[in-house]
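So the structure is just underneath, and the comments pick up after that.
The values are calculated or read from the model by the stated rules, or taken from the named source; none is laboratory data. Since we're looking at a predicted model, the values are computed, not measured. Here the Cβ positions follow ideal geometry from the backbone for every residue, glycine too, while neighbour counts run over all protein chains shown. Heads up: the accessible areas ignore ligands, DNA and RNA and are worked out on the full protein's heavy atoms, side chains in. Shrake-Rupley method; radii C 1.70, N 1.55, O 1.52, S 1.80 Å.
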Amino acid sequence: MNAPLTIGPVGEPDLERLAILLQELSGQPTDLQAMHRNFHAIKDREDYRLVGAWIDGELVGSLLGI
């Protein structure tokens, strides 16, 4: 049986895994400190949404909507 896909907001504890995913996609190193700064800059804004997809509790994708 396939594990269900869960969709929801990305939180600060998810940023390390998100950095790994972005590095895998781009092939470039990810600046985790910059990600934390950017996350704090947008996390309470109503015009930004950072959404993640999880399978078995592991972040496997993300979407940023502005």
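Given the criterion open to solvent by less than 80 Å² (accessible area, probe 1.4 Å) and either assigned to a loop (DSSP other than H, G, I, E, B) or at pLDDT 95 or above (or both), identify the matching residue among MET1, MET35.
Going through MET1, MET35 in turn, the sole match is MET35.
Kindly indicate whether LEU25 is outside any loop (DSSP other than H, G, I, E, B), in contact (Cβ under 8 Å) with a residue 24 or more places away in the chain and surrounded by 10 or more Cβ atoms within 10 Å (Cβ to Cβ).
Criteria not met by LEU25.
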